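The values are calculated or read from the model by the stated rules, or taken from the named source; none is laboratory data. Values in this document were obtained by computation on a predicted structure and should not be read as measured data. So basically every Cβ, Gly included, is an ideal-geometry build from the backbone, and we count neighbours across all protein chains shown. Accessible surface is based on the protein model in full, side chains and every heavy atom, while ligands, DNA and RNA are left aside. Shrake-Rupley method; radii C 1.70, N 1.55, O 1.52, S 1.80 Å.
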Amino acid sequence: MATTGAKTYRNYIGGEWVEAASGESFETRNPATGETLGVFPLSSTEDMDRAVEAAKAAFEEWRLVPAPKRGELLFRVAQMFAERKDELTEQMVREMGKVRAEAAGDVQEAIDMTFYMAAEGRRMFGHTTPSELPDKFMMSTRNPVGVVGAITPWNFPIAIPSWKIAPALVCGNTVVFKPAEDTPLLAGLFVEIFEEAGLPPGVLNIVHGAGETVGEHLVKHPDVPLISFTGSREVGAQVQTNAGPYLKNVHLELGGKNAIIVMDDADVDLAVDGILWSAFGTSGQRCTAASRVIANRTVYDALCSRLVERAEGMRLGDGLDDATDVGPVINQAALEKIHSYTGIGKDEGAKLLTGGEVATENGLDRGFFYRPTVFADVEPGMRIAQEEIFGPTTALIRASGVDEAIRIANGVKYGLSSSIFTRDVNKAFKAMRDLKTGITYINAGTTGAEVHLPFGGTKDTGNGHREAGQAALDFYTEWKSIYVDYSGKLQRAQIDNVEQPAP
Ligand code: UN1
């Protein structure tokens, strides 16, 4: 594919748009058509060092800007995201491939998150609590930490950066942003909006390039105390290992193998709607995607036939075409990985009900399209029921009763999202308590998190931290406990207020 005419973009370091020191570059392409959309700097560790240095210097002033003022800047950013929503949406469809409605939802999620975190500038509550001693005052405050390294994936190219960067900034940290190589264009637009809103130089920096070079360098940089990473389990483990010797705080948001449970008493039509949306929306490329359906025996057959019929009715195509239900997957490697799991599923003895192939008709061969794929007769231990495929493939598993269904749902290494369709309040409450995931939906699919509740998962989905909601503040600040003694004398805690035993 010729690159002639494709615009060249730069890194943003210390308030300047600059080329990579090496002068090398890479391209971003439309996964539906193969069209080249832009040329980006393939940065080196030298560029990353400069960005960290700029962020470190900017921190000393930014941390002293009153939090409500930092919030006001984020309000402006949120407003600009809203004003430019159509443009960002269209660019996202081109660069990432998701259909227009979903791309608009991605941008909306960033608008919501930025408004939410902007308002945090006037909250960021700490505690006051009585002292055990007279004439003494105690409180805790949230303090910024320093430079945050934000490493983001391509599947939510605007929303996920906002989950990390909005709370990081409102809390008074500065940021070096290393976006995914597949969606640099959107990441650049994201940063441009912060610049236009008036963010001081150095507070937010972006360095484009490869994870193995600049990403790794950021993770290992001694001047970056916080790392927030969203991506695969394998890379997450590497990030943790690389950051370990520096004793950094690391937030990991990794994979999922999310299940939808359908009970015998469920509204089956509603369940089918939920499954299709969660399994095939964004072509299955969400960490929250429903890649397993655990169906109770009496609804199993009905579910199979309805899912097949509806999946076969889904139209594949360019997300810019409003008739499209399912867009492309991100790149050739993703297409190959997804297809390899079809082979794995067949070899394991699962029954392929529909899909299972690359779609090439009507010009689809210019992009990376995979048919919505449904496997039946899947056993809980099969690889297609255990491993994250990150594509439009879902596996139907039989269960008897809510206890077995929950046991199967929990029988994977991940724990991000889960769902149960039931009209029985007792089963619903049991599921809310016992499904070992960070998120559980009742009578809805596994996707659709809102910005003001914590987002994240148990087990190998992460390392215990959460993004979004108030929970995000726990990662982007450190607690400071402050004691003010206004008694005018030395008062010893645990001693002067306690009657000492006779000698
Ligand atoms: C992700 O897949 O990485 O709940 C994020 C959802 C979206 C966010 C998904 N709001 O599916």
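Of the residues 327, 199, 30, the one whose Cα sits farthest towards the positive end of the charge dipole of the chain is 199 (charges of +1 on Lys and Arg Cβ, -1 on Asp and Glu Cβ, taken about the Cα centre). Per residue, the accessible area of the stretch 8-85 comes to 48 Å² when a 1.4 Å probe rolls over the protein heavy atoms. Heavy-atom accessible surface of residue 490, to the nearest 10 Å², is about 140 Å², with a 1.4 Å probe and all protein chains retained.
Overall, the stretch 284-431 carries a charge dipole of about 600 debye about its Cα centre when +1 sits on the Cβ of Lys and Arg and -1 on the Cβ of Asp and Glu, all other atoms neutral.
When the chain is described by a simple charge dipole with +1 on each Lys and Arg Cβ and -1 on each Asp and Glu Cβ, the residue from 17, 442, 402 located farthest towards its positive end is 402.
Does anyone have the angle between helix 268-280 and the longest principal axis of the chain? Alpha-carbon axes, 0 to 90°, nearest 10? Approximately 70 degrees, to the nearest 10. Applying the Karplus relation 6.51 cos²θ - 1.76 cosθ + 1.60 with θ = phi - 60° to the stretch 294-300 yields 3J(HN,Hα) values of 10, 10, 6, 4, 6, 9, 4 Hz, where x marks Gly and Pro. Taking Cα atoms only, the orientation of helix 85-96 departs from the longest principal axis of the chain by about 60 degrees. Per residue, the stretch 381-472 exposes an accessible area of 40 Å² to a 1.4 Å probe, with every protein chain left in place.
Looking at the stretch 258-442 alone, DSSP beta bridges between its own residues are antiparallel in about 15 percent of cases. Computed per residue of the chain from DSSP H runs no shorter than four, each worth -39500 (n - 2.57), the mean residue ellipticity at 222 nm is -11500 deg cm²/dmol.
The C-alpha atoms of the chain define a longest principal axis, and helix 332-348 lies at about 60 degrees to it. Just to be sure I understand the curve: with the Debye formula and one point per C-alpha of the stretch 104-249, what is log10 I(q)/I(0) at q = 0.14, 0.15, 0.16, 0.17 Å⁻¹? With no solvent term, the Cα-only Debye profile gives -0.70, -0.79, -0.87, -0.96.
Under 5 Å from the amide H of residue 485 lie the amide H atoms of 137, each residue being 5 or more positions distant or on a separate chain, with H modelled from the backbone and absent for Pro and chain starts.
Pairs from the table (85/178; 257/436; 413/459; 56/178; 220/248; 413/436) lying more than 18 angstrom apart at Cα are 85/178. For the stretch 273-369, the per residue solvent-accessible surface stands at 42 Å², with DNA, RNA and ligands left out and a 1.4 Å probe. Positive end of the dipole of the stretch 258-442 (Cβ unit charges, origin at the Cα centre): among 293, 417, 364, the Cα lying farthest that way belongs to 417. Could you run the Debye sum over the Cα atoms of the stretch 301-356, one equal point scatterer each and no solvent, and tell me log10 of I(q)/I(0) at q = 0.18, 0.24, 0.25, 0.31 Å⁻¹, two decimals? Debye output, listed in q order: -0.80, -1.06, -1.07, -1.10. If only the Cβ of Lys and Arg carry +1 and only the Cβ of Asp and Glu carry -1, the dipole of the stretch 338-385 around its Cα centre is close to 100 debye. Let me check against my output: what whole-number percent is the relative contact order of the chain, with C-alpha pairs under 8 Å and at least 6 apart? Answer for the chain is 17 percent.
Accessible surface of the chain, 1.4 Å probe: 50 percent of it comes from carbon and sulfur atoms. Only the Cβ atoms of Lys and Arg (+1) and of Asp and Glu (-1) were treated as charged; on that basis the dipole of the chain about its Cα centre amounts to roughly 1120 debye. Beta bridges per DSSP, both residues in the chain: antiparallel share near 40 percent.
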